[in-house]
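The structure under discussion appears below in the form of structure tokens.
The values are calculated or read from the model by the stated rules, or taken from the named source; none is laboratory data. Bear in mind the structure is a predicted one, so any value in this text is a computation, not a measurement. Positions of Cβ are backbone-derived with ideal geometry, glycine not excepted, and every protein chain shown enters the neighbour counts. With ligands, DNA and RNA removed, areas are computed over all heavy atoms of the protein, side chains included. Shrake-Rupley method; radii C 1.70, N 1.55, O 1.52, S 1.80 Å.
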Amino acid sequence: MDVTPDKQNIDKVFSSTTYYIDFYQRQYKWTDEAVRRLLDDIFYKFNIEYQRYKDSDIELDKLVERYSWYYLNTYVTNNIEGKIYVVDGQQRLTTLTLILIKLMHTAKDANSELTDWLANKIAGQSGFKKEFWMNHEQHKVSMSGLLAGKKPEDIDTSSGITAFNMVNNYRVISTILDKELLDKQKLESFIFYFLKRLVLINLNVEQTDVPMVFEVINDRGVKLKPYEILKGKLLGQIDKDELDQLGLNEIWDTQVNNINQYNDDEIDEFFIYFLRSKFAKTVGDTRKFDRNYHRAIFLPEVDRELKLQHSPKDVKRFLLNEFRYYSELYCKILSYYDKPQDDYLSVYYNGLTEMDSQFQLILSACVLNDSQEQEKIKLIAREVDRLFSLLQLQKSYDSNDFNEATYLISAEIRGQDIAIIKSVFDKYLLRMLSDARGVTTMQPISYSYFKDTGIELNKRFKRYFFARIEQFIADQTKMNMKHSFYDLVANTGSVNGFHIEHILANNTENLNAFGDDVERFESERNRLGGLLLLKGKDNISSSNELYLNKLKTYANTLYWNETLRQDNYKTKIDFLNMMKSFNLKFRPMDQYGPDELEERHMLLYNLICIIWA
């Protein structure tokens, strides 16, 4: 396969070649955002050169040669039986044609002698008929309407999405060019610049299997990642000497590597969370600040604050300040998220329950070089855990509502003092409890909401819940945890993993205790008061035993399990002190029926009121 590269300006690209769109090609799909971005980049370069040379007496066709050129990327063509097909680049070439049409109409209105030159760049004679150089054969009606100067709303776009997008993008182009090209001198300078100094590389591929060529170009190889594209967009604005002097390239690479050590391409997650934390207002903004964040960072609503679009000064400021500070903050959160640390256990807890909203919320609350940073990390992580856990434990959790609330909270705590943050979380907790229950709720924890909790909770949260109970007992009795928090929550292996154990096995004796009411029995035994955690082999051996036999299994397991046994209360002074300090009504239970289950469930409620106060 032969590939022939050819550097061309727009004047040459659209001069004598008709470009055809083959069957395998997608429709013209560029959105107004892509069009705005292209024109913004072009005008940024042009305006610099125009300001430099606008008072020159040199003839325009010679003067424009002094303008720096602008690279528009590569397009790929394929010659099949005398026809030139666009293999890759039709989106860009179509957009350039739409710009040429608008420039032609603008030049005509200004009585410019360049009007015919522009007209010849849009369409020309090809054999016995006149053709658009960019030949969308199925959509000629729409293109002809634009060329004839019809109003966009009067143009027939029934031929499909390509026609619709061409007309819609023409509106966008018209608005931008009308704003930028206010006088004839600037208009004609821009026409010369557009036709002479915008450069594309044409790769002509000699290959008969055209779809295969398209696949090779578009579906193979390693594409640049969003953060790599963003690096080029930002650092490319800065003079190389300044890059070296300020060490900006080293700052970028260091921060990226520090974050990516946790997970491959974690830096993408950082930028997504950063933009959401500072600019998202509702969950509807999720898609805007997602995998295309390298484009979203230049959106008008973002650029009004960050000012990173064509502003080397602000790019330097961003890299030296916001980027460095918030990426280091993100690294701290990741380190606490990855492994337990005493002062930041709530960050770790949220990792185990897969509550990653804390990243966005912490970044939102912290201002640049925040003096309250450490306190905000601890408080927000705890409040995320509290909000999530209390909604779960009171049968009021809905994932969509929780996600929406996260964005609303993020917007309300953005840059706020730590004194404000807890009240915002409290407000949303009460609001979500009220919405879920259909009544106005005045307190964050209610036994009536907790009373039947159990079966609807997923297994991971149940393990997390009992791990928190276990830790509370260990802390208050000055004992070490017998197993790591990770093992209790996340290790589900058949040997060393922990599993949910029903205190009341499904047998005749236990069913009798509930009046042989099968439905009630199943409901009751699945309440949290009827459950606990056992290690794999203990859980298997306990399976269908009578309660008195289960009590033997609970010896030397977890502290919560052992509180059912008589021997737990004999010599453990610290345990008795804990009971007295918090007025907790622990007691051994030699039998287990409906009353005992209710008592244990109430005991768990009292522990919840302490742990998630």
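List the equivalent ellipsoid semi-axes of region 390-468 in whole Å, largest first, each obtained as the square root of 5λ for an eigenvalue λ of the Cα gyration tensor.
Working: eigenvalues 113, 46, 30 Å².
Rounded to whole Å, the semi-axes are 24, 15, 12.
Would you mind working out the accessible area per residue for region 7-81, using a 1.4 Å probe, and quoting it in Å²? Walk me through the numbers before you get to the answer.
Details: 4120 Å² over 75 residues.
Roughly 55 Å² per residue, with all protein chains present.
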For region 40-94, which GluC sites (Glu not before Pro) are in a loop by DSSP, counting at most 13 other Cβ atoms within 10 Å? 59, 81
Normalised convex hull volume, region 484-560, alpha-carbon set, Å³ per residue: 93 Å³
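Relative to the present Cα-Cα distance, how much length would full extension add between residue 29 and residue 79 at 0.36 nm per residue of separation? Don't skip to the answer; put the middle values down first.
Values: separation 50, 0.36 × 50 = 18.00 nm, distance 2.42 nm.
Stretched out fully, the residue 29 to residue 79 stretch lengthens by 15.6 nm.
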Please work out the Cα convex hull volume for region 274-384 and give it in Å³ per residue. 106 Å³
Of the DSSP beta bridges with both residues in the chain, give the percent that are antiparallel, rounding to the nearest 5. 65 percent
Spin-label model distance (nm) - residue 241 vs residue 475, 7 Å beyond Cα toward Cβ: 5.8 nm
Reference-scaled alpha-carbon Rg (2.2 N^0.38 Å with N residues) for region 102-173: 1.13
Relative to the present Cα-Cα distance, how much length would full extension add between residue 343 and residue 6 at 0.36 nm per residue of separation? 115.1 nm
For residue 565, list long-range residues whose amide hydrogen, built 1.01 Å from N in the peptide plane, is under 5 Å from its own amide hydrogen. 589
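For the full complex of protein chains and a 1.4 angstrom probe, list 331, 609 by accessible area with the highest value first.
Numbers: 331 25, 609 45 Å².
So, going from the largest accessible area down, we get 609, 331.
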Counting only protein heavy atoms and using a 1.4 Å probe, what share of the accessible area of the chain belongs to carbon plus sulfur, as a whole percent? 47 percent
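If each DSSP helix of 4+ residues adds -39,500 (n - 2.57) and the sum is divided by the residues in the chain, what number results at 222 nm, nearest 500 deg cm²/dmol?
On the way: 32 runs with 347 residues, N = 613.
So the helix-based figure for the chain works out to -17000 deg cm²/dmol.
If you average the sequence gap of Cα pairs under 8 Å that are 6 or more apart and divide by the length of region 488-536, what percent do you get for the contact order?
Values: 52 pairs, mean separation 25.2, N = 49.
Normalised by residue count, the contact order of region 488-536 is 51 percent.
Would you please calculate the Kirkwood hydrodynamic radius of the chain over all C-alpha pairs and express it in Å, rounded to one decimal? Can you show the working numbers first?
Details: mean 1/r = 0.0336 Å⁻¹.
Kirkwood radius, the chain: 29.7 Å.
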Could you please put 479, 432 in sequence from largest to smallest accessible area, using a 1.4 Å probe? 479, 432
Provide the per-residue ³J(HN,Hα) series for region 549-564, in order, calculated from phi with Karplus coefficients 6.51, -1.76, 1.60 and θ = phi - 60°, each as a whole number of Hz, with x at glycine and proline positions. 6, 4, 4, 5, 5, 6, 5, 6, 10, 9, 4, 4, 5, 6, 5, 7
Per residue, accessible area of region 455-613 with a 1.4 Å probe, heavy atoms of protein chains only, in Å², comes to 47 Å²
Considering every pair of different Cα atoms, what Kirkwood radius, in Å, is found for region 51-156? 16.3 Å
